[in-house]
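The values are calculated or read from the model by the stated rules, or taken from the named source; none is laboratory data. It should be emphasised that the depicted structure is a prediction, and the values quoted were computed from it without experimental measurement. Don't worry about glycine lacking a Cβ; one is built from the backbone with ideal geometry, like all the others, and counts go over all protein chains shown.
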Amino acid sequence: MTTQTRRTLAAGAALLTLGIAGGALAQAPVKIGVIYPLSGNSATAGNYSKMALEVGAEVINNGDADLAKIMPLAKGGGLPGLKGAKIQLVFADNQGTPAAGQNQALRLISEEKVAALIGAYQSGITLTASAIAERHGIPFVNGESVAANLTERGFKWFFRTTPVALDFARAYSSFLKEQKAAGRKTDTIALVHENTEYGNSVASVIADQFAKDGLNISQKIAYSANSSDVQPQVLQLKEKNPDVLIFISYTSDAILYTKTMKELNWKPGIMIADNAGFNDPAFVKSLASQVEGLVNRSAFSAGKPGSVPDLFNALYKKKTGGDDLDDVSVRGLQAFLVLADALNRAGGTEPAKIQAALKATDLKADQMVAGYDGVKFDDKGQNVLAASVVTQMRAGKYVTIAPKARATHEAILPYKGW
């Protein structure tokens, strides 16, 4: 055997060894499709949620020493249950329309071959996108959409981690009862809502719950979320002058209502926002000074130093250049972490295994980045341990005012506004 032949054989053996080692180490990434409004009226909320999920994937893929003390998946190196496979997030823009959300769900399933889907922020888009996932037998985890009917369709592949409209309605009712007992006027209540799946559903649930609790909704105003002028609606409110005003609105309309109310110089004694547009970082940054004292809801509280929400918030602030997690971004992040946990326990990407793992989910409160009591799904796919708090806008940021056990501040009323 010549020297040249020996060199050739040695080189071939070395390459073969490297190939085997590389094959053993390089697990194919697990693709998760994420459908969010990355353009359109709710783009700010969608893009902040996108960054929150990216933080979650970075923690699982690369690790975080502090979080690893509490969450096993934060040790890094990917998903141990899938031999270290990394998570690859594949983002899709739903453009704020149900049709686009549906089309993107189909593309992610058929072309990107994702193992599961997350999305889609707006309830009306979640409705269509999750229907595609159901038809194809792909798990769909929803972190933000609160329309009641989403878990009433008999779906087997749909799982929702967020608290829902009934939880919020009860929280608002309890808060208003407390204010009435304290001497505040709550005799007349106006309910103003955008007219897509989200607004119609939440308004209906609030109206039903308030009726049961003896709270009088004296005025209901439905409007198009694409409205460019809400002066007629604000004039209706000014004429009736209700004691309490509850908004169910997305970002652009929340901005429009706030500016119009100031222009027409009208405000109620108590103003409540059902999160969404009034919680959007873009709204808070530009208009917080005009809604001082606004009551809202949230699933995020920073928590004690070293807690899961505190540590994730620090990572998120670093990624966003100083922004804190907010209600929407934290609920999206929590949904992702729930799905990642299920994927790890499934030990593979077969849809049925992921579905079974999601059904068996039983996460405790100390592992939550959102302020839930944990995550456990009922037979409809709803997290029965979801929870939220009531907050109030104070000097540019929301602080917790209810329930009393979790409050950091007392409520200050009447609503100040601008």
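Quick one: ALA100 ticks every box in (1) of a type outside the set (Ser, Thr, Tyr); (2) modelled with pLDDT of 95 or more; (3) outside any helix (DSSP H, G or I); (4) buried (at least 16 other Cβ atoms within 10 Å of the Cβ) bar one, so which box is it?
(3)
For the range 121-137, indicate whether the set of residues that are of a type in the set (Lys, Arg), at pLDDT below 95 and not in a loop (DSSP other than H, G, I, E, B) is non-empty.
no
Condition (residue is under 21 Å from TYR121 (Cα atoms), of a type outside the set (A, V, I, L, M) and assigned to a helix (DSSP H, G or I)) applied to the range 282-298: is it met by at least one residue?
Checked against the condition, which is being under 21 Å from TYR121 (Cα atoms), of a type outside the set (A, V, I, L, M) and assigned to a helix (DSSP H, G or I), the range 282-298 yields at least one hit.
Among (1) in contact with a Phe, Trp or Tyr (Cβ under 7 Å, 6 or more places away or on another chain); (2) loosely packed, with under 14 Cβ neighbours inside 10 Å, where does ASN383 come up short?
Only one criterion in (1) in contact with a Phe, Trp or Tyr (Cβ under 7 Å, 6 or more places away or on another chain); (2) loosely packed, with under 14 Cβ neighbours inside 10 Å is unmet by ASN383, namely (2).
ASP280 - would you say it is in contact with a helix residue (DSSP H, G or I) (Cβ under 8 Å, 6 or more places away or on another chain), surrounded by 19 or more Cβ atoms within 10 Å (Cβ to Cβ) and within 21 Å of PHE91 (Cβ to Cβ)?
It is true that ASP280 is in contact with a helix residue (DSSP H, G or I) (Cβ under 8 Å, 6 or more places away or on another chain), surrounded by 19 or more Cβ atoms within 10 Å (Cβ to Cβ) and within 21 Å of PHE91 (Cβ to Cβ).
What number goes with the only condition from (1) part of a strand (DSSP E or B); (2) in the same structural domain as ASN216 (by TED's automatic domain parsing); (3) not aliphatic (A, V, I, L, M) that GLN88 does not pass?
Looking at each condition in turn, GLN88 falls short on (2).
In the range 139-168, what residues are polar (S, T, N, Q), in contact with a strand residue (DSSP E or B) (Cβ under 9 Å, 6 or more places away or on another chain) and either within 9 Å of GLY381 (Cα to Cα) or not in a loop (DSSP other than H, G, I, E, B) (or both)?
ASN142, THR151, THR161
Kindly provide the set of residues from the range 30-75 that are assigned to a helix (DSSP H, G or I), among the aliphatic types (A, V, I, L, M), in contact with a helix residue (DSSP H, G or I) (Cβ under 6 Å, 6 or more places away or on another chain) and in contact (Cβ under 8 Å) with a residue 24 or more places away in the chain, ordered by number.
The answer is ALA45, MET51, ALA52, LEU53, VAL55, VAL59, ILE60, LEU67, LEU73.
From the list GLN104, GLN95, pick out the single residue that is in contact with a strand residue (DSSP E or B) (Cβ under 8 Å, 6 or more places away or on another chain) and not small (Gly, Ala, Ser).
It is GLN104.
Quick one: which residue in LEU333, LEU343 is part of a helix (DSSP H, G or I), under 17 Å from the mean Cα position of the chain (by Cα), assigned by TED's automatic domain parsing to the domain that holds LYS50 and at pLDDT 95 or above?
Unique residue meeting the criteria: LEU333.
Sort out which residues of the range 254-273 are free of Cβ contacts under 8 Å to residues at least 60 places away in the same chain and either surrounded by 24 or more Cβ atoms within 10 Å (Cβ to Cβ) or under 29 Å from the mean Cα position of the chain (by Cα) (or both), and write them in order of number.
Listed by number, the residues that qualify are ALA254, ILE255, LEU256, THR258, LYS259, THR260, ALA273.
Kindly indicate which of ALA340, ALA411, ALA395 is closer than 27 Å to ALA85 by Cβ and either of a type in the set (A, V, I, L, M) or surrounded by fewer than 17 Cβ atoms within 10 Å (Cβ to Cβ) (or both).
Unique residue meeting the criteria: ALA340.
For the range 314-323, enumerate the residues that are touching a residue at least 40 places away in the same chain (Cβ under 8 Å) and not aromatic (Phe, Trp, Tyr).
Selection gives LEU315, LYS319, THR320, ASP323.
Which of the residues that make up the range 126-150 are surrounded by 22 or more Cβ atoms within 10 Å (Cβ to Cβ) and small (Gly, Ala, Ser)?
Those that are surrounded by 22 or more Cβ atoms within 10 Å (Cβ to Cβ) and small (Gly, Ala, Ser): ALA129, SER130, ALA133, GLY143, SER145, ALA147.
Quickly run through the range 357-384 and pick out the residues that are in a loop (DSSP other than H, G, I, E, B), farther than 16 Å from VAL330 by Cα and either not charged (D, E, K, R) or not assigned by TED's automatic domain parsing to the domain that holds PRO139 (or both).
ALA360, THR361, GLY381, VAL384, listed by residue number.
Determine, yes or no, whether VAL202 is touching a His at 6+ places or on another chain (Cβ under 8 Å) and modelled with pLDDT under 95.
Yes; evaluated as a whole, the condition is true for this residue.
Look through LEU82, LEU67, LEU53 and report the one residue that is over 22 Å from VAL328 (Cβ atoms) and either under 16 Å from the mean Cα position of the chain (by Cα) or among the aliphatic types (A, V, I, L, M) (or both).
LEU82
Looking only at the range 142-153, which residues are touching a Lys or Arg at 6+ places or on another chain (Cβ under 8 Å) and not polar (S, T, N, Q)?
Answer for the range 142-153, where residues must be touching a Lys or Arg at 6+ places or on another chain (Cβ under 8 Å) and not polar (S, T, N, Q): GLY143, GLU144, LEU150, GLU152.
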